[in-house]
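Trainee: Please see the structure below; I have some questions.
What follows is calculated from the coordinates using simple rules that are stated; it is not laboratory data. As the structure is a computational prediction, the values presented were derived from the model and not from experiment. Neighbour counts are summed over all protein chains in view; Cβ atoms, including those assigned to glycine, are modelled from backbone coordinates with ideal geometry.
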Amino acid sequence: MKVTGIINMIKNRFARESVYNKADYWNAKAKELEGDAVSLWPNNNLNRLYEKEHMRFYDEFLNNITNLKAADLGCGTGNVTRIIAKYGANVTGFDFSEETIKIAKKRSEGISNIFFVVESVFNFYYPDEYDIINCRTCLTVACKDANELTVVLKNISSSLKSGGKCIIIEPIHKGFLHRVLNIDLEEFVSLMEQAGLEIKTIRQMHFVPVRLILSYFNIPMFITEPIYHIGQWIMHTLGWKWGDYKAIYAEKK
């Protein structure tokens, strides 16, 4: 990453509550960056490891979904949209960034069970329509406070069929590490339950100290991978709840 890019990234970080939840920010990233860095971190090698980590979580809960109807909110370049499609569901990716959706469509050419829509998560409301709804790095960027999150979660719950699956993989934090939404995991989970979503599993992902070391520069894989695995071992073996992201699986009550 160039020096100017680092300076801009720092500026955006300090102004995150008024930057990250705007389509212009993500449109610019889509034009300027390459690979998964468009929607994730500048270190694409770390992004690949995180993608594998997320895949293991999806593998647990997205079985036997052939021909079911799914929505991927804040789909970005469509990585998870394509994952869900591989499991056999008919999936629509929603994102408010037109430029990012253009990339998603290009990368998904020839896949017949994928569709994309330019739409904000705040406009997502399709009562009893979906069997599966996925949110990855969307809600904590889009929602400024608990009130906005409450509205979105209720719309997600309303859009799920009875017994429908909800997967949320988000950087949920209160304090320094928060993105736009500044609440802790306990409050986040409470709001999900109030919206009618029954929590089944919560898992810590992306050991924070390692993420802070590796994410901002495109470090070679031979350095990135061993440091990543050391962090994973520390977090899971010692039981430290220092995951940057939280993976939550819930079902509509």
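Trainee: How do R136, R179 rank when sorted from fewest to most other Cβ atoms within 10 Å of their own Cβ?
Mentor: R179, R136
Trainee: Once you place label points 7 Å from the Cα toward the Cβ at F122 and W240, how far apart are they in nm?
Mentor: Label-label distance for F122 and W240, simple model: 3.8 nm.
Trainee: Which whole-number percentage describes the relative contact order of region 173-253, with Cα contacts under 8 Å and a sequence gap of 6 or more?
Mentor: It comes to 42 percent, rounded to a whole number.
Trainee: A further question follows. Once label points are set 7 Å from the Cα along Cα→Cβ at both E225 and V151, what is their separation, rounded to one decimal in nm?
Mentor: 4.6 nm
Trainee: Averaging sequence separations of C-alpha pairs under 8 Å and six or more residues apart, then dividing by the length of region 33-135, give the relative contact order as a whole percent.
Mentor: Details: 155 pairs, mean separation 28.3, N = 103.
Answer for region 33-135 is 27 percent.
Trainee: Another question about this same structure. Could you pull out the pairs from K52/K144; K106/K161; K52/K246; K69/K106; K102/K174; K154/K200 whose alpha carbons sit more than 25 Å apart here?
Mentor: K52/K144; K106/K161; K102/K174
Trainee: On to the next question. By count of other Cβ within 10 Å, fewest leading, how are F207, F122, F61 ordered?
Mentor: Arranged by neighbour count, lowest to highest, F207, F122, F61 become F122, F61, F207.
Trainee: Which length gain, in nm to one decimal place, applies between K106 and S158 when the Cα-Cα distance is subtracted from 0.36 nm times their residue separation? If you can, show how the numbers build up before the last one.
Mentor: Numbers: separation 52, 0.36 × 52 = 18.72 nm, distance 3.10 nm.
Full-extension gain reported as 15.6 nm.
Trainee: Under unit Cβ charges (Lys, Arg +1; Asp, Glu -1), what dipole magnitude, rounded to 20 debye, does region 81-132 have relative to its Cα centre?
Mentor: Approximately 380 debye in magnitude.
Trainee: Among Y245, Y126, Y87, what is the fewest-to-most ranking by other Cβ atoms within 10 Å?
Mentor: With the fewest neighbours first, Y245, Y126, Y87 line up as Y126, Y87, Y245.
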